[in-house]
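Take a look at the structure below.
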Amino acid sequence: RRVAQMVLPSVPERSLTRGDLLAHLLVEWGGAPLWPPREVLETYRRAVRVPFAAHSQLEHVRWLVRSRPRPDGARYRTALERARPVPVLHLGGIRDGLRPAAHMPLTRDTAARVATTYQFELLNGVGHFLPDEAPDEIGAFRLFEIDGDRTLAAVAGVEISGAEILAVAPLHEGRAPV
């Protein structure tokens, strides 16, 4: 429903900059109790009021919807299908109000197309805005080498507080976890 509202011209920009859409999205899609704090909400409000910022934030959603039947959408899909697979660490919040946790992990087919290795980790106590809701926990993830293969994983020995890891899908070569 929210995506359909964002495709409309001008209305969502006005709602983001002058109305309460921004606060609703942050609360709806976020998931941590009492998030966002007042100072975070005010920072978001100042940022979205920068000229053209609201439009730019919405335009990528509009493009994804509008481009499907157009030639530029077909070129985009073709480019994605030809993309070279890379290691993927997929983080999600259990309280994500935009994408429910049950639908977050990539399907086996999608993971095989995009990932040389695929790891999905579900964090407790956070929603859609992981870096803002749990910056210390997200900062604990690093890129490092395992047996010569670049692999994304959590740094050993880092204590994760608040947003504990609920589910860890092990790395699988070229396919999603079972």
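The values are calculated or read from the model by the stated rules, or taken from the named source; none is laboratory data. Please read all numbers here as calculations on a predicted model, not as lab measurements. Note that each Cβ is placed from the backbone with ideal geometry, even for glycine, and that neighbours are counted across all protein chains shown. Only protein heavy atoms, including side chains, enter the accessible area calculation; ligands, DNA and RNA are left aside. Shrake-Rupley method; radii C 1.70, N 1.55, O 1.52, S 1.80 Å.
Candidates in segment 1-41 are the residues that are among the β-branched types (Val, Ile, Thr) and open to solvent by less than 60 Å² (accessible area, probe 1.4 Å); of these, the one that is nearest to Glu133 (Cα to Cα) is Val40. Within segment 42-55, the set of residues being open to solvent by 30 Å² or more (accessible area, probe 1.4 Å) and touching a residue at least 12 places away in the same chain (Cβ under 8 Å) comprises Tyr44, Arg45, Arg49, His55. Selection of first residues in segment 89-103 that are under 16 Å from Gly125 (Cβ atoms) and part of a helix (DSSP H, G or I) and of second residues that are open to solvent by less than 80 Å² (accessible area, probe 1.4 Å) and of a type outside the set (Ser, Thr, Tyr), restricted to Cβ pairs under 8 Å at least 6 apart or on distinct chains, gives the following pairs, ordered by first then second residue: Ala101/Gly92; Ala101/Gly93; Ala101/Ile94; Ala101/Leu122.
Here Val126 meets the list (1) modelled with pLDDT of 90 or more; (2) more than 23 Å from Ala23 (Cα to Cα) almost entirely, failing just condition (2). Note on segment 35-79: residues that are more than 23 Å from Ala4 (Cα to Cα) and touching an Asp or Glu at 6+ places or on another chain (Cβ under 8 Å) amount to 3.
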